[in-house]
């Protein structure tokens, strides 16, 4: 008859131990982030002996591409990464550098896209940031007239 009370007491103790361990783990993460990112002297970067400096992320705008007028072209920076702590999140910024002007969708995401309305050589830059350092890569896109089609004025 006393078995129910013993099991309840054991379950409560087990839960208390788990919560205590979880709280210690979370405080380690938070303390680690404070040490890595915050400095008392107002400068960015690591503090404390043995901490590694924040590495510059790696930007990869993907390989050169080819497309046709009217077909969506998808740019991908998904292979970009940061070797630092996985807690650090990257931000992306796509911009057009050359070629006929296009409306570029998804400029603040790993993947941007556009629908070209004119043939030409387009160039785009991807800038990746970890909040401290930036890296960039460029990608070229060659856009041709659609196969078998002619636009007025084209010979």
Under the classification rounded if a/c is under 1.5, otherwise prolate if a/b is larger than b/c and oblate if not, where does region 65-144 fall, given a ≥ b ≥ c as square roots of the Cα gyration tensor eigenvalues?
prolate
If each residue of separation counts as 0.36 nm, what is the full-extension length gain between residue 64 and residue 123 once their alpha-carbon separation is subtracted?
20.3 nm
Two pseudo-spin positions, 7 Å from Cα along C-beta at residue 142 and at residue 83, lie apart in nanometres by 3.5
Per-residue Cβ contact counts at 10 Å, fewest first, order 89, 81, 124 as 89, 81, 124
Sticking with the crude label model, points 7 Å out along Cα→Cβ, report the distance from residue 108 to residue 132 in nm, one decimal please.
2.4
Suppose R0 equals 35 Å; then what is the FRET efficiency for residue 55 and residue 101 from their Cβ-Cβ distance, rounded to the nearest 0.05?
0.50
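Read-outs: derived from the displayed coordinates by stated rules, not from any lab. The model shown is predicted, which means the values in this text are computed figures rather than measured ones. Every residue, glycine among them, receives a Cβ derived from its backbone with ideal geometry; neighbour counts consider all protein chains shown.
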